[in-house]
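Asker: Could you have a look at this structure, given as structure tokens, before my questions?
The values are calculated or read from the model by the stated rules, or taken from the named source; none is laboratory data. Note that the structure is a prediction, hence the values are computed from the model and not measured. We place every Cβ from the backbone using ideal geometry, glycine too, and count neighbours over all the protein chains shown.
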Amino acid sequence: MKNAIYACATLVLLVAACLVPAPAMAQGRAQGSFERTFNVPGTVDLDVSTGSGSIDIRRGTGNRVEIRGRIQAGNNWSWWRSSRDAEDVVRYLESNPPIEQFGQTIRIGRIPDRELQNVSISYEIVVPGQSNLRANTGSGSQTIQGIDGRVEARTGSGSMTLRDIRGPLEGGTGSGSIEVSGFRGDLRMHTGSGRIQVQGEPTGRWDLQTGSGSIDLDLPPNAGFDLNAHTGSGGIDVGYPMTVQGRIGDRHNVSGKVGAGGPPLFRRTGSGGIRIQ
């Protein structure tokens with residue numbers, strides 16, 4: 001009888017041990033990376049996207065484009081019915097990174113195979129200063145700095161940090177803050193929920209909108225622009241002498257010229273204050 005009880009207890013322990021994942025795969029995930037370098041004379045057109053992961057793009061020297069990808073893959077139910085597990089997917093992407101080049105254009109992040117969809121790839125990219133960028137992520141932060149060309153940056157959920165951009169800048173985030181510094185040019189940014197901070201000089205049209213969050217601008221002392229600001233719930237603080245148009249004392253709407261006037265500045269927030277200094 002004792003032998004039977006001992007045998008049953010041993011069997012239970014063995015089954016339990018089989019059900020507990022090994023520490024290395026406790027989270028059912030595998031990791032890897034890849035690196036690629038391209039020499040692209042002239043202006044680079046870069047298009048990078050990732051469903052889940054961060055994007056970090058910065059200015060380099062010469063005409064080199066350097067790309068580093070960090071991969072994370074997790075097992076899911078669909079892979080139980082396929083020949084690939086997380087480790088297989090990572091090894092495949094390391095050997096076949098989602099990078100395409102067509103002359104001056106480099107496209108990063110297109111993964112048409114559905115069996116590779118449960119993958120997170122974060123990118124660190126170095127490009128020439130004279131580049132045009134399009135960067136999109138479904139969930140993840142973005143940092144872009146030192147670019148002289150056109151920049152379009154969007155994320156479904158995540159913060160955005162953009163520094164020393166010298167071309168037209170457009171984009172936004174569904175949920176997350178936006179910080180822009182050292183900027184000159186046309187600017188159009190929006191966030192569904194989050195704060196917008198901009199430091200720079202308005203040499204073109206600026207259009208900033210947030211559904212819920214404050215808007216803060218840090219401009220040169222001699223800045224001149226035509227202001228149109230509205231907030232559904234919150235005050236508007238303008239630290240410049242200005243010629244006001246419309247009703248004086250309306251704390252939710254301010255329109256007028258700052259200095260001698262200049263590029264149009266549109267500010268909209270559904271819930272939050274607007275501060276310009």
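Asker: Tell me which residues, restricted to segment 177-235, are modelled with pLDDT under 95 and aromatic (Phe, Trp, Tyr).
Answerer: Matches in segment 177-235: Phe225 only.
Conditions tested, residue by residue: (1) within 23 Å of Gly185 (Cβ to Cβ); (2) part of a strand (DSSP E or B).
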site	(1), (2)
Pro220	yes, no
Ala223	yes, no
His230	no, yes
Ser233	no, no
Phe266	yes, yes
Ser271	no, no
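Asker: Let me ask something else. Consider only pairs whose beta carbons are under 9 Å apart and that are at least six residues apart or on different chains; among these, list those whose first residue lies in segment 145-162 and is under 16 Å from Ser177 (Cα atoms) and whose second residue is among the aromatic types (Phe, Trp, Tyr).
Answerer: Leu162/Phe183
Asker: Turning to a different aspect of this structure: Among the residues of segment 242-264, are any outside the structural domain of Ala135 (by TED's automatic domain parsing), in a loop (DSSP other than H, G, I, E, B) and within 29 Å of the chain's Cα centre (by Cα)?
Answerer: Looking for residues that are outside the structural domain of Ala135 (by TED's automatic domain parsing), in a loop (DSSP other than H, G, I, E, B) and within 29 Å of the chain's Cα centre (by Cα), one finds at least one in segment 242-264, hence yes.
Asker: Here is a follow-up. Which one of the conditions (1) outside any loop (DSSP other than H, G, I, E, B); (2) surrounded by 22 or more Cβ atoms within 10 Å (Cβ to Cβ); (3) under 18 Å from the mean Cα position of the chain (by Cα) does Gly194 fail to meet, given that it meets all the rest?
Answerer: With respect to (1) outside any loop (DSSP other than H, G, I, E, B); (2) surrounded by 22 or more Cβ atoms within 10 Å (Cβ to Cβ); (3) under 18 Å from the mean Cα position of the chain (by Cα), Gly194 is out only on (1).
Asker: Kindly check whether there is at least one residue in segment 106-122 that is surrounded by fewer than 21 Cβ atoms within 10 Å (Cβ to Cβ), at pLDDT 95 or above and over 18 Å from the mean Cα position of the chain (by Cα).
Answerer: no
Asker: Moving on. State yes or no: is Thr50 hydroxyl-bearing (Ser, Thr, Tyr), modelled with pLDDT under 95 and exposed (fewer than 15 other Cβ atoms within 10 Å of the Cβ)?
Answerer: Here the answer is no, as Thr50 does not meet what is asked.
Asker: It is to be established whether one or more residues within segment 201-217 are free of Cβ contacts under 8 Å to residues at least 40 places away in the same chain, closer than 24 Å to Arg134 by Cα and surrounded by fewer than 18 Cβ atoms within 10 Å (Cβ to Cβ).
Answerer: yes
Asker: OK, next. Taking segment 169-220, which residues are among the polar types (S, T, N, Q) and more than 17 Å from Arg154 (Cβ to Cβ)?
Answerer: Selection gives Ser181, Gln197, Gln199, Thr203, Ser212, Ser214.
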